[in-house]
Each structure stands twice: as structure tokens, then as C-alpha cells.
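Notes to accompany the following structure.
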Amino acid sequence: MQINYQFAFIILMIMVLLASCSQEEKKYQIGVSQCSDDIWRDKQNSELQIGAYFHDNVELRFAAAYDSDERQIQQIDSLVATGIDLLIVAPNQVSTISPAIDRAYDKGIPVIVFERKTNTKKYTAYMGADNYEMGHLMGEYVATRLNERGRIIEVMGLKGSSPAIERHNGFREAIAQHPGIQVVATLQGDWTEPTAYNMVKQWLDKNKGDGKIDLVFGMNDRTAMGARKAFEEAGGALPLFCGIDGLPGENGGIRLVQDSLLDASYIYPTHGDQLIQLAVDILEGRPYEKETKLMSALVTQENARVLLMESEEIMRQSRNLEQLHEKASKYLDQLGNQRTLIFVALAAIFLLLALLVGIYMYYLQRARIQDERTKMEREQLDFYTQVSHELRTPLTLIQGPLDQLLRTNDFRDASDNARELFTIVRRNTHHLTGLVNKMLDAQVGTHSPEMSSAEVDAITVSQPIAVPTEVNGQDEDAPTVLIVDDNADIRAYLRSILQGKYHLLEAEDGQRGLELAREQVPDLIVSDVMMPVMNGLEFCQQVKKDDISSHIPVILLTARALERHQIEGYESGADAYITKPFSPELLLVRIDNLLQSRHQLKDLWGMKPATAAVTTPEPTVTAPAPIEDAFIARFKQMVEEHLADSNLSVEDLAASMGLSRVQLYRKVKALTGSTPVDLLRKARLAQAQSLLQGSTLSVSEIAYKVGFASPSYFTKCYKDEFGTVPGDARKSS
Ligand code: FRU
């Protein structure tokens, strides 16, 4: 479940990250619908673009209709369809484009009509120069230029386009004020040079010889230049040519005036940057002028040079600006790429971290589950061990005595039926033992190292139990076995098996067992494991730790049958591990083996037999016996130090070692097989032997020196030990 939460968290973080990556500033889409495509439109478009650079949130979409109404209508519709936020439109003609503009406006898109007009009222703002005024001023200029006299031709712009109509009206009204000026022809152009050329050429062809023309007014500079071309081709004196637009640049009107190809022009302002500002003001809800009139000026021979310089300077600045923008956008692109890269790297790092955290949490959880499972299994196992212990103990106490009974003479006289019934009981007890074992095995999943009931059965049936014969009275030589078990019945049962062969001591828990082991120093200990106060493992450890008891073999007799339990038992220092229910003879054999295999230091003083001493006399009294045990080393040192003291008693020796007489007796007996008294005597005799062979002292002197109270007793002991009298040793030396 926790893993699922983490997964959801990771997904959420990825989504947030991706969202932050893709979140770009909303940009206004401004559609620009141009009626034509020429140098005037080019200039305006680039000004619009530069204007847009100053607004990060503006994007322009240009369309040029190439003087075609249908194309412009279609372009406006498709701009609207792409979802523009504002439309800037220079309508080709006054009436034809209006429906498309209306459609855009009705969709809620703000519309700026610029430079040319329409007959619809559905627009948001208008921006442009006053074409009537322009035509009028040009009319005034022409009249002045011709000194109120002369014949002129007017070449119109596209029919139906508002600047053509207004410029014509203004021009004609101004000319009408000057009766000396005669407009001999008004030719229909369409703002393009070729049309103007054709129209003028046709007129000239038709009206050859009708009189000199003094001036041609073309409604834009291209028209004027088309007319000039026709006149130049026709030959003869050229009239003056006036146009409108007054553009800067190579083929612009200002240079044409400067080069005297045109007599005058009129700057027709483009002001694209101003147009964009108006658009942004509208889009961002700032106040704006509904109608903006752009200012304009006449270009003549007088001011052309200055205007050219200025306009070229402006153009140069524009180009610089353009270049700067290009550089900036290149850097911005790079920055954008780097940002994307950083985002991707961060996302990857984040994902990796999330993954690592996920994996870590997963393993943590798995380990926790595993721990819990192990704990549960252990608890379960402990429970089963406990239960099996509870079952094994009474089983032992049924099975063992029953086996014993069936093999004793007492039972020989029982009826066949009684024997049969007992056999059934015994078989089923073994069967029950088998079931207990199986139950425990099923829990552990391994096989208990304990013998199967069949094996136990085989032993108990095939080998009649050797019931120990009673040891007469308190036989000093019978080893002492300490039984430690909290179950009185088990103790009684063990007693029944061991009594007669061993002296027995009993304790009901480890603590009491330890006290007895120290006080009495038994030859062997049989102990249960699960006991109150101090358990068998702890007890065993303590026994092995203590100098007094460390040598005592310990048999753990327990219901804890698992391998793990046995390992624990041996780790605590146990010498044997027998599981319940047990076979009595197995226990007896084990006890016997352990007692037999005790490593006893028999020849503590490195004594030589007298005969050997005769052939190879060697002063070996002080030759060190192999020291296996620190205790024995200490004992030896004590004996040697007090050897000469004929009054030295075992109690004194024990006291000097900080022990009781019993403790010393049993410990020494267990480790050497001899009693302390024997060892003391042997030490004296060994030294006496050495002195007999290596000194000139008399036998009596030697006897006293090695601590014998009387020389005769010394001689007796010497003879008992070596088979010869001391005098013989003296003779041979
Ligand atoms: C450019 C142009 C100019 C003229 C204006 C009139 O397309 O033809 O030359 O002054 O349009 O709208």
C-alpha cells in the first residue's frame, strides 16, 4: 500500500515538473492583412515586426492579398479561423472587404483599420494619414510649381480604394482654385508602375501633338515613375512628375526627388510601431484613440537631401535593431535549449532519486515484514518447543519407567494379558512421542536430530536395560553425579536409573545446582535446560567458568530437540546433549564414557620405578610434570612448598588454596585419579628417592627431610611405592 502512495507521489511530481516545463507565457496573436505587396508594405511590415519585438507577448501573422479583393477576404477569414486576438487590416477597396471585416468584428475580435478605409462601422480603431489633405497639398504645390499655368495629367490609384478617391478629391479641389491649371487627362491606374506606364503610353499614343504636358501627378511614386517611363519612351521634352509615398531607400521617392527623377513626393507615413502599440493597448484594455491621424510632409528638391539623410539614418538604426534582435533571439533560443536541458536533467535526477527512495522503502518494508515474520516464526517455534517440552517430560516419565518395568524380574510373573496391555501402552507412548516430534518438525521445516520413536523403540526392545546393581553402602570410589531438574518426577526417574552406580546429588534449579557443584564438586552433572531461577544453559556456563567446577562434564538432558537448541547447548559448554524422551542406557553409556574419558594426570611428580632408578640414576625430583590445568599447577606448588612439614594436613593444603577439604579432595581426585593425601605422600617419596640417589644424607635424615614423622613409616611407604627398601636405592647409587 505504501509503495502505491509513493508511486502516485512520483507521478504527481513528474506532472508538476512537466507542467512547469511546458508552461509558456500566453502570447497575443495579431493578424495583419495587407492589401498589396510592395516596398511601402515591406517597410510597414518590418516596422510592425520591430514594434512587436518590444512586446514579449505579441506574435504577428502576416497575409498579403496582392491587390485582390477575393484573396484578402479569404485571408481575413482564415486568420480569424486560426484564432487571432486582433486583426489589423488595410482593405484593398472601400466596399468589397467590409463583410470579412464585419465577420471578424462580430466574433469579438478587435479590428484596426489602417491607411485605407471601408464603408463598415464595425472596427475598433482607425489609423492613417489624411489622404484628402495630401491630395489637396499636392494640388497647391503643383499650381505654385507651374506658376498657375500649365497642362497636367492625373494618374489615379486603384479604383474604389479610399486613398485614390480622397487624394483625387483633394487634388482636384485645390487645382480648381487655379484656373490657369488645366487637367487634360485623369487616367485610371491601380497603384502599380506597369499599369501607370501602359495607361500613359496609350494616352500619349492617342494624343500625340495635342500640346505639351507640363506635369504628371501620379497618386503614388511608382505610378509617377511608370508615367515618366512612358514619356521618356515617347521622346520630346519631359514634363515634371509628382508622386506620393516619399519612401526612403534605393528606389524610394525621397531619392527619386533628390535625383530629380521626380519633382516632388509626399511622405505617406507607415508607422508600423505605432500601429502595434495601438493594438497592444486595445488588447490589454488600456485607453486608446479611436481615430489616429498620422502626420505627413511634402518632399521637394529643397528638403530631399535632408530627408534622405534622416530617413537613411532611421533605416540604418532599424537594421541595427533588427540585427540586435536576431542576436538576442539566438541567445534566447540557446537559453531556452539550456533551460529545457536543465529541466530534463532535473527531471531525470528527480526520477532517479524517487526511484532510489522507492527501492529503498521497498527493501525497508520487505526487511520489516521479514523481521516480523521471523519473530512470529520464532515465537511460534518457542511456543511449540514449550508445548513439546510439556509433552515430552510426562512422556519420558511414562515411557522410561514402563520400559524399565517391562524388563525387570518383577514383571516376569505378570499375566500374558497384563503384559500385552502394557506393551500396547508402551507402543502408543512411543507413537505419541513420534507425533510430538513430527509436530515440532513440521514447524521448523527441518528434521529434528532426535531419534524417531521407532529408533528409540528398537533400542529399548532389543537391548534389555542393564539395571545397575546397588552399590553397597557409601562406596567412596563411586563417582558422584549431580542431577539438576525442576521436575521432581524426572529427578526420581533419573534417580531410579542412576542410583546404586553413582552417588547422587539433586538440585531443583540451576542456581541451587551451581551451589552444589561448588560445594560438592561432583564427578558429573546431568541437567535440564528449561528451569526456573537459572536455566540449564546459564548454569552450564557458570559451572564451566568456575575454577572449582570447570572440569566437571555436563550432560544437558532436555526436551529442546532442535538443532538450534543443541548448538546453544554446546555453546554453553555442555559435553553431551540428550533429548527427551531418552533411553536410560543411552544416558548411562554417555555418563560412563564421559567419566572414562576424563583426562587424569596420573604421574604428577614424574616418579621413576626403583629399578629404573637403579639402572639410570637421574635427579628428576623437580622435573616438571605436564601441567594441563592451572589448578593442578597451583596444587603442585603448594605441595612442594610444604613438603618438609610432617604436620601438613589436607585441610591445611585446602585452606592454603582457599578451598574446603571436600572441594580439594574431589577436584584433585577428578583431575588426577588420586586423593590429595596420596599425592602428598607420593611427592615426599619422589623427593626422598631423588635425595637417596643424589645426596649423602642418611635414610633417616631423608625421611625427616621429606616430612615423614618416623623413618620406619617412611621405609614402609617407600617399599609400598617402589617395591624396594630405601637402603637398596642408596646401595645402587
Ligand atoms: C502601397 C500603396 C502606396 C499608396 C498606398 C495607398 O500599397 O499603393 O503606394 O500610397 O498604397 O493605399
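The values are calculated or read from the model by the stated rules, or taken from the named source; none is laboratory data. Everything numeric here is computed off the predicted structure, so don't read it as measured data. A quick note on method: Cβ atoms are made from the backbone with ideal geometry, for glycine too, and the neighbour counts reach across all protein chains shown. Quick note on the areas: whole protein, heavy atoms, side chains included, nothing else; ligands and nucleic acids left out. Shrake-Rupley method; radii C 1.70, N 1.55, O 1.52, S 1.80 Å.
Structure values in brief
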quantity	calculated
Among the residues listed as ALA129, ALA174, the single one being within 11 Å of the ligand (Cβ to nearest atom), modelled with pLDDT of 95 or more and under 14 Å from TYR266 (Cβ atoms)	ALA129
Members of region 488-510 found to be surrounded by fewer than 19 Cβ atoms within 10 Å (Cβ to Cβ), at pLDDT below 90 and aliphatic (A, V, I, L, M), listed by number	ALA488, ALA492
Qualifying positions in region 237-260 - at pLDDT 95 or above and over 14 Å from ARG305 (Cα atoms)	LEU238, PRO239, LEU240, PHE241, CYS242, GLY243, ILE244, ASP245
Where a residue in region 302-323 is in contact (Cβ under 8 Å) with a residue 12 or more places away in the chain and its partner, wherever it lies, is acidic (Asp, Glu), with Cβ under 9 Å and at least six apart	ALA304/ASP259; SER318/GLU47
Unmet requirement for ASP413, which otherwise passes all of (1) under 30 Å from PHE54 (Cβ atoms); (2) surrounded by fewer than 10 Cβ atoms within 10 Å (Cβ to Cβ); (3) not aromatic (Phe, Trp, Tyr)	(1)
One residue from ASN320, ASN303 being open to solvent by less than 90 Å² (accessible area, probe 1.4 Å), modelled with pLDDT of 95 or more and not hydrophobic (A, V, I, L, M, F, W, C)	ASN303
Boolean, SER260 is more than 14 Å from the ligand (Cβ to nearest atom), outside any helix (DSSP H, G or I) and among the polar types (S, T, N, Q)	yes
Check on ARG661, modelled with pLDDT of 80 or more, under 25 Å from SER710 (Cβ atoms) and open to solvent by 40 Å² or more (accessible area, probe 1.4 Å)	yes
Hits in region 476-500 (condition: farther than 25 Å from ALA559 by Cα and in contact (Cβ under 8 Å) with a residue 12 or more places away in the chain)	ALA478, PRO479, GLY500
Residue match in region 558-579 (condition: among the β-branched types (Val, Ile, Thr), at pLDDT below 85, within 53 Å of the chain's Cα centre (by Cα) and open to solvent by less than 10 Å² (accessible area, probe 1.4 Å))	yes
Long-range neighbours under 9 Å by Cβ, at least six apart or interchain, first residue among the basic types (Lys, Arg) and away from the ligand (no atom under 16 Å from the Cβ) within region 208-226, second open to solvent by 10 Å² or more (accessible area, probe 1.4 Å) and not in a loop (DSSP other than H, G, I, E, B)	LYS208/ALA234; LYS212/GLY150; LYS212/ARG151
Sole exception among (1) touching a Cys at 6+ places or on another chain (Cβ under 6 Å); (2) without any contact (Cβ under 8 Å) to a residue 12 or more places away in the chain for PHE343, by number	(2)
Within region 264-291, tally of residues that are more than 15 Å from the ligand (Cβ to nearest atom) and buried (at least 22 other Cβ atoms within 10 Å of the Cβ)	3
Residue identified as open to solvent by less than 30 Å² (accessible area, probe 1.4 Å) and modelled with pLDDT under 80 among THR423, THR433, THR408	THR433
Conditions (1) within 16 Å of the ligand (Cβ to nearest atom); (2) at positive phi; (3) modelled with pLDDT of 95 or more: number failed by GLU148	(1)
One residue from VAL650, VAL621 being modelled with pLDDT of 75 or more, β-branched (Val, Ile, Thr) and either on the phi < 0 side of the Ramachandran plot or in contact with a Cys (Cβ under 9 Å, 6 or more places away or on another chain) (or both)	VAL650
Among (1) open to solvent by 40 Å² or more (accessible area, probe 1.4 Å); (2) out of contact with any strand residue (DSSP E or B) (no Cβ under 7 Å at 6 or more places or on another chain); (3) at pLDDT below 95, the one test that GLU232 misses	(3)
Yes/no for THR186 being out of contact with any His (no Cβ under 6 Å at 6 or more places or on another chain), more than 13 Å from the ligand (Cβ to nearest atom) and modelled with pLDDT under 95	no
Failed item, numbered, when GLY694 is tested on (1) open to solvent by 30 Å² or more (accessible area, probe 1.4 Å); (2) farther than 28 Å from ALA478 by Cβ; (3) without any contact (Cβ under 8 Å) to a residue 60 or more places away in the chain; (4) not hydrophobic (A, V, I, L, M, F, W, C)	(3)
Failed condition for VAL725, given (1) touching a residue at least 12 places away in the same chain (Cβ under 8 Å); (2) out of contact with any His (no Cβ under 9 Å at 6 or more places or on another chain)	(1)
Pairs, first under 14 Å from GLN72 (Cβ atoms) in region 100-113, second assigned to a helix (DSSP H, G or I) and open to solvent by less than 10 Å² (accessible area, probe 1.4 Å), C-beta under 6 Å, six or more apart	ALA100/ILE76; VAL111/ILE101; VAL111/ALA104
Test result for ARG255, within 16 Å of the ligand (Cβ to nearest atom) and out of contact with any helix residue (DSSP H, G or I) (no Cβ under 8 Å at 6 or more places or on another chain)	no
Candidates PRO179, PRO194, filtered to the one that is within 16 Å of the ligand (Cβ to nearest atom) and surrounded by fewer than 18 Cβ atoms within 10 Å (Cβ to Cβ)	PRO194
Selected residue (criterion: nearest to the ligand (Cβ to nearest atom)) from residues of region 227-252 that are assigned to a loop (DSSP other than H, G, I, E, B) and among the hydrophobic types (A, V, I, L, M, F, W, C)	ILE244
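Rundown of residues vs (1) among the polar types (S, T, N, Q); (2) more than 13 Å from ALA559 (Cα to Cα), yes/no style:
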residue: ASP371; (1), (2): no, yes
residue: MET376; (1), (2): no, yes
residue: HIS389; (1), (2): no, no
residue: THR393; (1), (2): yes, no
residue: GLN399; (1), (2): yes, yes
residue: ASP416; (1), (2): no, yes
residue: ARG419; (1), (2): no, yes
